[in-house]
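For reference, the structure is listed below as structure tokens.
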Amino acid sequence: MKLDALETFMDVAFEEARRAAAVGEVPVGAVVIDAHQGTVIARAHNLVRTNADPTAHAEILALREAAQEYRRPRLVNCDLFVTLEPCIMCAQAIALARIRRLVFAAYDPKAGGVEHGARVFEQPNCNHRPEVIGGVRETAASDLLKAFFENIR
């Protein structure tokens, strides 16, 4: 995938992250694209507090929406763009959905489950390992998160 396409789809994820921040949610946004058609299938932002649901992470909500759109649980020809390295729960959901490629912005040394912590895709019992591209617009995503947490402290 060309750099400009990565940037374009990451822009959509950032729009979602800003929507999350606007309603008091941790600013994480996600978008699922059909990799063959280059079209957005689903988009979401964190709704953990709004929905009183600990599983309402942007990635989970976007995966659910995409699966409903395709009427199937496997998203084999889809890519997921997210503004923060997915946690363990989201990484496992990505594997279960058979996402083709995961692209994320900021790394999450504390709670990440892809490049940090459990490193879900590296586990021998992981049933699917997507291509992973981390650090796309990392500084912008980190700045958005830092600003959000500074404002609530």
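The values are calculated or read from the model by the stated rules, or taken from the named source; none is laboratory data. Please read all numbers here as calculations on a predicted model, not as lab measurements. For neighbour counting, all protein chains shown are included, and Cβ atoms are generated from backbone atoms with ideal geometry for every residue, glycine included. What goes into the accessible areas is simple: the full protein's heavy atoms, side chains included, and nothing from ligands, DNA or RNA. Shrake-Rupley method; radii C 1.70, N 1.55, O 1.52, S 1.80 Å.
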From the list Ala5, Ala13, exactly one residue is small (Gly, Ala, Ser) and surrounded by fewer than 22 Cβ atoms within 10 Å (Cβ to Cβ). Which is it?
Ala5
Filtering the range 16-43 down to residues that are touching a Phe, Trp or Tyr at 6+ places or on another chain (Cβ under 6 Å) and open to solvent by 10 Å² or more (accessible area, probe 1.4 Å) yields Ala21
How about the range 110-143: which of its residues are closer than 21 Å to Arg18 by Cβ and in contact with a helix residue (DSSP H, G or I) (Cβ under 6 Å, 6 or more places away or on another chain)?
Val136, Arg137
Which of (1) without any contact (Cβ under 8 Å) to a residue 60 or more places away in the chain; (2) under 19 Å from Thr55 (Cβ atoms); (3) touching a strand residue (DSSP E or B) at 6+ places or on another chain (Cβ under 8 Å) does Leu84 not meet, given it meets every other one?
(1)
Determine whether the range 122-135 contains at least one residue that is β-branched (Val, Ile, Thr), open to solvent by less than 70 Å² (accessible area, probe 1.4 Å), assigned to a loop (DSSP other than H, G, I, E, B) and within 21 Å of Pro27 (Cα to Cα).
no
Could you check the range 94-121 and list, in sequence order, the residues that are open to solvent by 20 Å² or more (accessible area, probe 1.4 Å), touching a Gly at 6+ places or on another chain (Cβ under 8 Å) and not basic (Lys, Arg)?
Tyr107, Ala111, Glu115
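Would the range 16-35 turn up any residue that is assigned to a helix (DSSP H, G or I) and either in contact with a Lys or Arg (Cβ under 6 Å, 6 or more places away or on another chain) or on the phi > 0 side of the Ramachandran plot (or both)? I'd like the intermediate steps shown before the answer.
Going residue by residue through the range 16-35, those that are assigned to a helix (DSSP H, G or I) are 16-22.
Checking which are either in contact with a Lys or Arg (Cβ under 6 Å, 6 or more places away or on another chain) or on the phi > 0 side of the Ramachandran plot (or both) leaves us with 16.
Yes, some residue in the range 16-35 is assigned to a helix (DSSP H, G or I) and either in contact with a Lys or Arg (Cβ under 6 Å, 6 or more places away or on another chain) or on the phi > 0 side of the Ramachandran plot (or both).
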Over the range 52-93, the set of residues of a type outside the set (A, V, I, L, M) and open to solvent by 80 Å² or more (accessible area, probe 1.4 Å) is Pro54, Arg64, Glu65, Gln68, Glu69, Arg71, Arg72, Pro73, Arg74
State which residue pairs qualify: first residue without any contact (Cβ under 8 Å) to a residue 12 or more places away in the chain and inside the range 30-58, second residue surrounded by fewer than 24 Cβ atoms within 10 Å (Cβ to Cβ) and of a type in the set (Asp, Glu) in any location, beta carbons under 9 Å apart, and separation of 6 or more residues or different chains.
Ala56/Glu25
Over the range 21-46, the set of residues under 15 Å from Thr8 (Cβ atoms) and of a type outside the set (A, V, I, L, M) is Gly29, Asp34, Gln37, Gly38, Thr39, Arg43
